[in-house]
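Engineer: One structure, pasted below without further comment.
The values are calculated or read from the model by the stated rules, or taken from the named source; none is laboratory data. In this text the structure is predicted, and so the values were computed from the model without any measurement. Glycine gets a Cβ as well: all are built from the backbone with ideal geometry, and neighbour counts include every protein chain shown. When the accessible area is computed, the model is the full protein with side chains, heavy atoms only, and any ligands, DNA or RNA have been set aside. Shrake-Rupley method; radii C 1.70, N 1.55, O 1.52, S 1.80 Å.
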Amino acid sequence: MGTHPMEASSRPVFEYLRLSITDRCNLRCVYCMPPEGVPKVAHAQILRYETILAVVEAAIAEGVHRVRVTGGEPLVRKGVVELVRQLAGFPRIDDLSLTTNGVLLARLAAPLREAGLHRVNVSLDSLRPERFTRITRLGRIEEVLAGIEAAIRCGLAPVKINVVIIPGENDDEIEDFGRFAQERAVDVRFIERMPFQAAAAAPFVPQEAVLDRLSRFLTLAADDTRNGGGPAQVFRIVNGRGRIGFISSRTHPFCQSCNRLRLTATGVLLPCLDSREGFPVENLGQEQLRTLIRDLGARKRATGKPCARFEGARCVSLSDIGG
Ligand code: SAM
Ligand code: SF4
């Protein structure tokens, strides 16, 4: 794994900021939300874009150079294209991405690209229309597939497809997802399901089992040239076009190399997905924000705990915090 960023004291603790811009979503994925959705936060409590941009400015001054827009579903928030345009205007951001369920992407891919977005991650847990609708409770797969094609067409590259494999639900599609990446210039990334409360016991399929099944028909070569240097382990498909990635918080915890800072939709900074407390940003000026981010960095450096325990964590669903 090499030297992790927190050992190399010359590197900032936080290099990557994830912005959850809404808690709302047009889907209700079974592992993310209860059928009725999570209790909606009042509009007035959702951070204004102005405040989000102030946090971004302070975070950049403290070393952040990668930013991801997420949610809830970020594309349901009005003005998201303009937000992206403003973010793209910060010269220090060298990686500007967005995570979406893809439902509205066919329409928004080109405007987002034009506004300066570099790339997208699209969540897709089944390639079978009926099953996709069952897992998302509301979604239509044709819309998401059209969104993925639009993203590829307008150069939001690399397009990454996030798949959460759930035993007994979609684990019979591992090979199909492998072929999806073999045939297209996309990264398919298998994410081990995390045990949030909405996911109860959260059975998951470990990385090694997925890799073993894919290796029967894909020739995979470890790929270190991957975009972004995040927690994913990435393999190039030698006998195909795309790549395969794994984000395995349960079998390969990556806490020790985590350089992420998160801002929730209600304006709380979290140094870790597992944080028990949040730090509100509303009404803080640049100096105060920078001090807060430095303090959170010191806390993060001081904690040596393993990932993905989530006992007593503040986060009950990734829809608030943004995954
Ligand atoms: N709505 C957007 C989407 O679905 O891509 C962005 C937000 S969503 C919370 C971000 C990512 O978190 C998605 O890829 C989703 O699959 C993942 N996610 C949600 N709950 C999860 C869980 N319990 N374990 C692992 N991943 C989860
Ligand atoms: Fe919505 Fe994304 Fe959660 Fe699915 S994973 S319910 S699309 S926020």
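Engineer: Leaving out ligands, DNA and RNA but keeping every protein chain, what accessible area does SER10 have, in Å² rounded to the nearest 10, with a 1.4 Å probe?
Structural biologist: Taking all protein chains as shown, SER10 has close to 110 Å².
Engineer: Here's a follow-up. Whole-Hz ³J(HN,Hα) for each residue in the stretch 43-58, computed from phi via Karplus 6.51 cos²θ - 1.76 cosθ + 1.60 with θ = phi - 60°, x for glycine and proline: what do you get?
Structural biologist: For the stretch 43-58, the Karplus curve yields 3, 5, 8, 6, 4, 6, 4, 4, 5, 4, 5, 5, 5, 4, 4, 5 Hz.
Engineer: Of LYS160, LYS78, LYS40, which has the most accessible area and how do the rest follow, probe 1.4 Å?
Structural biologist: On the way: LYS160 15, LYS78 185, LYS40 120 Å².
The residues order as LYS78, LYS40, LYS160, largest area first.
Engineer: With +1 on the Cβ of every Lys and Arg and -1 on the Cβ of every Asp and Glu, and nothing else charged, how large is the dipole of the stretch 16-321 about its Cα centre, in debye rounded to the nearest 20?
Structural biologist: Numbers: 43 positive and 35 negative charges, 65 e Å.
The calculated dipole for the stretch 16-321 is roughly 320 debye.
Engineer: Taking the DSSP beta bridges in the chain as the whole, what percent of them are antiparallel, to the nearest 5?
Structural biologist: Values: 11 of 42 bridges.
Around 25 percent antiparallel, to the nearest 5.
Engineer: Classify the stretch 162-221 as rounded, prolate or oblate, taking a ≥ b ≥ c as the square roots of the eigenvalues of its Cα gyration tensor: rounded when a/c is under 1.5, otherwise prolate if a/b is larger than b/c and oblate if not.
Structural biologist: Details: a/c = 2.38, a/b = 1.95, b/c = 1.22.
Prolate, because a/c is 1.5 or more and a/b exceeds b/c.
Engineer: Moving to a separate point now. Quick one: Cα centre-to-centre distance for the stretch 126-161 and the stretch 94-110, in angstrom?
Structural biologist: Centre-to-centre distance over Cα atoms comes out at 11 Å.
Engineer: Calculate, for the chain, the solvent-accessible area per residue in square angstrom, rolling a 1.4 angstrom probe over the heavy atoms of the protein chains.
Structural biologist: Per residue, the chain has an accessible area of 43 Å².
Engineer: Could the peptides 267-277, 284-294 be put in order, highest first, of the mean number of other beta-carbon atoms found within 10 Å of their residues?
Structural biologist: Values: 267-277: 19.6, 284-294: 15.7.
Answer by packing, highest mean first, reads 267-277, 284-294.
Engineer: Tell me the accessible surface of HIS65 in square angstrom (1.4 angstrom probe, heavy atoms of protein chains only), to the nearest ten.
Structural biologist: Accessible area, nearest 10 Å²: 50 Å².
Engineer: Across the stretch 214-221, in residue order, what do the Karplus-derived ³J(HN,Hα) couplings come to in whole Hz, using 6.51 cos²θ - 1.76 cosθ + 1.60 with θ = phi - 60° and x for Gly and Pro?
Structural biologist: Per residue, the Karplus-derived 3J(HN,Hα) values read 5, 5, 5, 10, 10, 8, 10, 10 Hz.
Engineer: Separate question: Taking amide hydrogens as modeled 1.01 Å from N in the peptide plane, which residues meet the under 5 Å criterion relative to VAL164, leaving out close sequence neighbours?
Structural biologist: Result for VAL164 returns LEU124, ILE191.
Engineer: Right, another one. Heavy atoms of the protein only, probe of 1.4 Å, neighbouring chains included. What is the accessible area of THR70 in Å², nearest 10?
Structural biologist: THR70 has an accessible surface of roughly 10 Å² with all protein chains in place.
Engineer: A further question on this structure: How about the stretch 216-256: which chymotrypsin sites (Phe, Trp or Tyr not before Pro) there are in a DSSP loop, with at most 15 other Cβ atoms within 10 Å of their Cβ? Numbers along the way, then the final one.
Structural biologist: Numbers: sites: PHE217, PHE235, PHE246, PHE254; in loops: PHE217, PHE254.
Loop-located and lightly packed - PHE217.
Engineer: Only Cα pairs within less than 10 Å get springs; with that Gaussian network setup on the chain, which residue of ILE21, ILE93, ILE247 has the largest fluctuation?
Structural biologist: Answer for the Gaussian network model of the chain: ILE93.
Engineer: Spelling out what I want: for every residue of the stretch 177-187, take phi, set θ = phi - 60°, compute 6.51 cos²θ - 1.76 cosθ + 1.60 (Karplus), and round to whole Hz; glycine and proline get x.
Structural biologist: Values, residue by residue: 5, x, 5, 4, 6, 5, 8, 10, 7, 10, 9 Hz.
Engineer: How large, in percent, is the carbon and sulfur part of the accessible surface of the chain at a probe radius of 1.4 Å? Intermediate results must be reported in sequence, preceding the final value.
Structural biologist: Details: 7250 of 13830 Å².
With neighbouring chains kept in place, the figure for the chain is 52 percent.
Engineer: With a cap of 14 neighbouring Cβ atoms within 10 Å, and only residues DSSP puts in a loop, list the GluC sites (Glu not before Pro) found in the stretch 1-92.
Structural biologist: Counting only loop positions with at most 14 other Cβ atoms within 10 Å, the GluC sites (Glu not before Pro) in the stretch 1-92 are GLU7, GLU36.
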